[in-house]
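Worksheet: one structure, shown below.
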Amino acid sequence: MLVDALSVRGLGRNFGNLVVLDDVSFTLQAGRIAVVLGPNGSGKTTLLRCVVGADRPDAGEVLVQGRRADETDPQVRALVAAALDDIDFFPDLSVVEHLELVAYAHGGNAEPVEEVLAELGLEPARDQLPVTLSSGQRRRLALASCFVRPRRVLILDEPEQRLDVRGRQWLADRLRRERDAGTAVLLASHDPELIDAVVDERIEIGR
Amino acid sequence: MTAPPATLADAPAGVPTARQVRTHLRRARRRHHDHSLSDVLGDAYVVVLFVGMYGWFAVSASRDMLESPTVGRADPGVRWWLAVAALLAGAGLAWRGLRALGPLLVTPATQSWVTSAPIDRRAWLAPRLAVLLTAATAGTALVGVGVAALGGVTDLAALSWAAAAGAGWGATALASSVVAQGSRAGRRWPTLAGVVPVVAAAVVTALVVVVGRLGDGLPRPAASPAAALVAVGVPLAVAATVLAVRALPRVDRATLTTGAQFANAAATATILLDPSMLAGLVESRRWRQIGRVRSRRFLPGPGWWAMLQADVRRLRRHPSALLIWTALILVQYAAALALPGLAGAAQVVFGYLATDRLTGGLRSISRSPGLRRALGGSDAALRGIHVVVPAIGAGLWWLLTVPTVDGGPSWLGPVLALGVVAAAWRSGTRPPINYGGATVNTPFGMIPVDLLRQGGRGPALLAVLVLVRLFLG
């Protein structure tokens, strides 16, 4: 039997008496890319935060490869890579040291780091400290953190934000390669070109 | 090649231990700065010296003050029971503080780059738990000694019992808050653990006030409760610590990072000596918890009428401000019983605190030029409209606490009440602090002049009012 890479069942989240997510359910198989669509304030980021475990849902559950996606479970953290808008940086570590740290903490080595740096155009900034990076470079570094580590599920919140034209082209290409490698990708995006280019499934919320 | 996709079976294999990652991170960071162990120990020494010196000075000064004729004679039983109420209220507020912070937390950078990896969470968090437990135990032992010394205890053995009692209950609270952090969302006991001591404090205070004003007052217990507190608190601390260690693997990202925002805001507020930074975060969290409100049209009338209605509506949606306003009435009655000679000064201070709770609208429009532009009219008119609610609140609060104060000329009360409104106005209309201007060298280091000027806006006037009350009362 084929096990869904990501399954969301009856997810609900309230802020006080404001219902942000109400009974959201969907499944995503390996090697598929899904986009969460909805107007501003519809709960796209909240949904992604609940899937990753950055926020606690009030109802429902998230399954990753058939097991309950409890963020405290190391196996779940090993499977799910995410770049949300809450990323922060060590002020005293360089770009390459950040990526090596992630690779090392996931039991890998620095081998993929140089390739990812080159792919994202971060090579010239490899020794720079985060405070000296532009917002676009910071965004690229956040995305790079997902690609230097193992993953079966990739969660991205508006990954096209602050990327230039070349960066957006790279992103579309990168997502296609993730799909080909069997990774399930869930993203929120407002970029119709990116959505048309890569997305297999559309999940509409807040309508 | 980029890193290969993981599979469920091999996910945790090859993952380094928490200690290995910590060492890797420490080595990488050390390459960019040379903060040595002796620097850290030097900083710790200064903090310990500062806390010890000023803490003991505060205890001695407070004890002398309590015994001075200016404060007046109070029933020892009243003071004893009000100290119990103060400790209960402090415990409840400390619990809420611990819950807001986590108490276990990781910085956003650590979350993004380290704890998102499948590292054993218990091993990563255990050293932090040990540091927090040590700090809480030591800190609350000092509080125990301070409280006992304030009560006139000088015997070393009795002070040791007080220290042990404080340490036991401090460790219990800290460890229990970690257990709460690792528990599932929606559990009620963590909320109750914060509410029960505060409610108990209110009940004890009310009882002391009612019995004190109508009868002879509550008697002080014959024996010190320190031994009983130790007998219960220490085993509880051990049990709670065991449970806390067991809960560490269940402490999730959501609670670890929420506290970090508070810690960052608190650190920034401390460094810049500007509590409004922390207050802003607390306020935004509070409104977020409320989430949605019932929107209604304003009653027809001129612009100022709508803004006044908005200010009243703001207050109704923020019931804790009214709760504190009410609680301070009880506190004033208690202060008048415990410190009869300082009841007038206490009325000024607590009146200011109560009025300050009602200045949310005034603070919002004073801090935002954009909001003032959008609302239209002159700045003075806008501020004038938003001081109506605090002024009415101050007047009412003052009237309700008049029975606690006697002495002084008849005009003094109304003048001080107006002064309290003026102090709240000055505090509420404080502009943002300019850190780029002139600085002044103080025993605490270089401090921007604007910080002293703005920070003292309300409190400076309040100090004048207190002095007036003390001299004329």
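The values are calculated or read from the model by the stated rules, or taken from the named source; none is laboratory data. Quick caveat: nothing in here was measured; it's all calculated off a predicted structure. Note that we place each Cβ from the backbone using ideal geometry, even for glycine, and neighbour counts take in every protein chain shown.
Of B:468, B:415, B:420, B:464, which residue is in contact with a Phe, Trp or Tyr (Cβ under 6 Å, 6 or more places away or on another chain) and part of a helix (DSSP H, G or I)? Outline the logic, then answer.
Values: B:468 fails: in contact with a Phe, Trp or Tyr (Cβ under 6 Å, 6 or more places away or on another chain); B:415 fails: in contact with a Phe, Trp or Tyr (Cβ under 6 Å, 6 or more places away or on another chain); B:464 fails: in contact with a Phe, Trp or Tyr (Cβ under 6 Å, 6 or more places away or on another chain).
Exactly one residue qualifies, and that residue is B:420.
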- Taking the condition touching a residue at least 12 places away in the same chain (Cβ under 8 Å), away from chain A (no Cβ under 14 Å) and farther than 30 Å from residue B:83 by Cα, does residue B:260 pass? no
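Within 14 Å of another protein chain (Cβ to nearest Cβ), closer than 30 Å to residue B:141 by Cβ and either at pLDDT below 85 or in a helix (DSSP H, G or I) (or both) - does that describe any residue in the range B:32-41?
Of the residues in the range B:32-41, the ones within 14 Å of another protein chain (Cβ to nearest Cβ) are B:32-35.
Keeping just the survivors that are closer than 30 Å to residue B:141 by Cβ gives B:35.
Add one more test, that the residue is either at pLDDT below 85 or in a helix (DSSP H, G or I) (or both), and what stays is B:35.
Scanning the range B:32-41 turns up at least one residue that is within 14 Å of another protein chain (Cβ to nearest Cβ), closer than 30 Å to residue B:141 by Cβ and either at pLDDT below 85 or in a helix (DSSP H, G or I) (or both).
Inspect the range B:189-201 for any residue being out of contact with any Asp or Glu (no Cβ under 7 Å at 6 or more places or on another chain), within 14 Å of another protein chain (Cβ to nearest Cβ) and either farther than 30 Å from residue A:53 by Cα or part of a helix (DSSP H, G or I) (or both) and give the result as yes or no.
To start, the set of residues in the range B:189-201 that are out of contact with any Asp or Glu (no Cβ under 7 Å at 6 or more places or on another chain) comprises B:189-201.
Remaining after also requiring within 14 Å of another protein chain (Cβ to nearest Cβ): B:190.
Now narrow it down to the ones that are either farther than 30 Å from residue A:53 by Cα or part of a helix (DSSP H, G or I) (or both): B:190.
Within the range B:189-201 (the criterion being out of contact with any Asp or Glu (no Cβ under 7 Å at 6 or more places or on another chain), within 14 Å of another protein chain (Cβ to nearest Cβ) and either farther than 30 Å from residue A:53 by Cα or part of a helix (DSSP H, G or I) (or both)), the answer is yes, since at least one residue qualifies.
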- Query: Is it fair to say residue B:401 is closer than 13 Å to residue B:349 by Cα and either in the same structural domain as residue B:313 (by TED's automatic domain parsing) or at pLDDT 75 or above (or both)?
  - Reply: yes
- Note on the structure: Taking the range A:56-78 and keeping residues surrounded by fewer than 17 Cβ atoms within 10 Å (Cβ to Cβ) and of a type in the set (Gly, Ala, Ser) leaves A:59, A:66
- Task: Can you confirm whether the range A:150-164 contains a residue that is within 11 Å of chain B (Cβ to nearest Cβ) and either modelled with pLDDT under 90 or under 22 Å from residue B:28 (Cβ atoms) (or both)?
- Result: yes
- Select, from A:135, A:145, A:94, the only residue that is among the small types (Gly, Ala, Ser), within 11 Å of chain B (Cβ to nearest Cβ) and without any contact (Cβ under 8 Å) to a residue 40 or more places away in the chain. A:94
- Message: So for the range B:124-136 (the condition being more than 14 Å from chain A (Cβ to nearest Cβ), under 19 Å from the mean Cα position of the chain (by Cα) and surrounded by fewer than 20 Cβ atoms within 10 Å (Cβ to Cβ)), does at least one residue qualify?
- Response: yes
- Task: Determine whether residue B:394 is among the hydrophobic types (A, V, I, L, M, F, W, C) and touching a Phe, Trp or Tyr at 6+ places or on another chain (Cβ under 6 Å).
- Result: no
- The correct count of residues that are surrounded by 19 or more Cβ atoms within 10 Å (Cβ to Cβ) and in contact with a helix residue (DSSP H, G or I) (Cβ under 7 Å, 6 or more places away or on another chain) in the range A:16-31 is 3
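Pull up the range A:33-52, narrow it to residues that are assigned to a loop (DSSP other than H, G, I, E, B) and more than 14 Å from chain B (Cβ to nearest Cβ), then point me to the one that is surrounded by the fewest Cβ atoms within 10 Å (Cβ to Cβ). Don't jump to the end; show me each part of the working.
Our first condition is that a residue be assigned to a loop (DSSP other than H, G, I, E, B); within the range A:33-52, this holds for A:38-43.
Cutting the leftovers down to more than 14 Å from chain B (Cβ to nearest Cβ) gives us A:38-40, A:42.
Values: A:38: 16, A:39: 11, A:40: 7, A:42: 18.
Across the range A:33-52, the extreme among qualifying residues is A:40.
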- Restricted to the range B:105-123 and to residues being touching a Leu at 6+ places or on another chain (Cβ under 7 Å) and part of a loop (DSSP other than H, G, I, E, B), the residue surrounded by the most Cβ atoms within 10 Å (Cβ to Cβ) is B:105
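A quick yes/no check of all residues on (1) among the basic types (Lys, Arg); (2) buried (at least 18 other Cβ atoms within 10 Å of the Cβ); (3) at pLDDT below 90:
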{"site": "B:153", "(1), (2), (3)": "no, no, yes"}
{"site": "B:157", "(1), (2), (3)": "no, no, no"}
{"site": "B:163", "(1), (2), (3)": "no, yes, no"}
{"site": "B:169", "(1), (2), (3)": "no, yes, no"}
{"site": "B:175", "(1), (2), (3)": "no, yes, no"}
{"site": "B:207", "(1), (2), (3)": "no, no, no"}
{"site": "B:220", "(1), (2), (3)": "yes, no, yes"}
{"site": "B:235", "(1), (2), (3)": "no, no, no"}
{"site": "B:239", "(1), (2), (3)": "no, no, no"}
- Taking the options A:55, A:86, A:23, name whichever one is of a type outside the set (Gly, Ala, Ser) and either more than 9 Å from every other protein chain (Cβ to nearest Cβ) or over 15 Å from residue A:188 (Cβ atoms) (or both). A:23
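At least 3 residues that are among the β-branched types (Val, Ile, Thr), under 29 Å from residue B:465 (Cβ atoms) and in contact (Cβ under 8 Å) with a residue 40 or more places away in the chain in each: list the helices (runs of 4 or more DSSP H) lying fully within the range B:280-368 that qualify. If you could, list the steps in order and put the result at the bottom.
Working: elements: B:303-316, B:319-338, B:343-356, B:360-367.
By residue number, B:343-356.
Across the range A:58-83, what is the total count of residues that are in a loop (DSSP other than H, G, I, E, B) and either under 24 Å from residue A:43 (Cα atoms) or within 7 Å of chain B (Cβ to nearest Cβ) (or both)?
Initially, the range A:58-83 is screened for residues in a loop (DSSP other than H, G, I, E, B), giving A:58, A:65-66, A:69-73.
Of the ones still in play, those that are also either under 24 Å from residue A:43 (Cα atoms) or within 7 Å of chain B (Cβ to nearest Cβ) (or both) are A:58, A:65, A:69-72.
Of the residues in the range A:58-83, 6 are in a loop (DSSP other than H, G, I, E, B) and either under 24 Å from residue A:43 (Cα atoms) or within 7 Å of chain B (Cβ to nearest Cβ) (or both).
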